[in-house]
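Inspection log for the structure reproduced underneath, given as structure tokens.
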Amino acid sequence: MSEEERKRQLALELTRARASISRHAAAVRHGLDFPNRVKESVKSSPIVWVAGAAGAVGLLSLLVPWRRGRQAPQNVWSDLASRYGRPRPVAAKVAGGGAIVGIALTAARFLLPFLQPAIMSFIRSKVNEYAGKSSPGEKGR
């Protein structure tokens, strides 16, 4: 065997070894890519995953003891009512009015950005009218 032929064989063997190492590295990378493997598994058999999750939740609910319900704290108003009598109906009306004001302010907060251009246009036209200037849509006086 000549020296040239031996070099070619070694180069060919080296190329094969590199390709083999590359394939093994890709297989190891795929094996270690846990999130991607789980996604593929869920896509291939979703019913098994749903049943397993339901079973795990059921088993967990059996193993974890239920907590006892806490005693509700004593109502502050019941103590005050025993001392000073029942609250007057006027106080309830005032409290109801506060709820309505709160709802109105919340609605205004959400609607104001949408209404702002129209409000600004209205204000601008009124100020221009008051100042004696003509509005942009109106021809000069």
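The values are calculated or read from the model by the stated rules, or taken from the named source; none is laboratory data. Computed from a prediction, not measured in an experiment: that's the story for all the values here. Ligands, DNA and RNA are excluded from the accessible area calculation, which covers all protein heavy atoms including side chains. Shrake-Rupley method; radii C 1.70, N 1.55, O 1.52, S 1.80 Å.
Odds and ends about this structure:
- Extension gain from R16 to R109, taking 0.36 nm per residue of separation minus the Cα-Cα distance: 26.5 nm
- Segment A54-N128, length gained on full extension (0.36 nm per residue, minus Cα span): 19.8 nm
- Overall form of the stretch 6-67 per C-alpha gyration tensor (a/c, 1.5; a/b vs b/c): prolate
- For the stretch 1-50, accessible area per residue (1.4 Å probe, heavy atoms of protein chains only), Å²: 95
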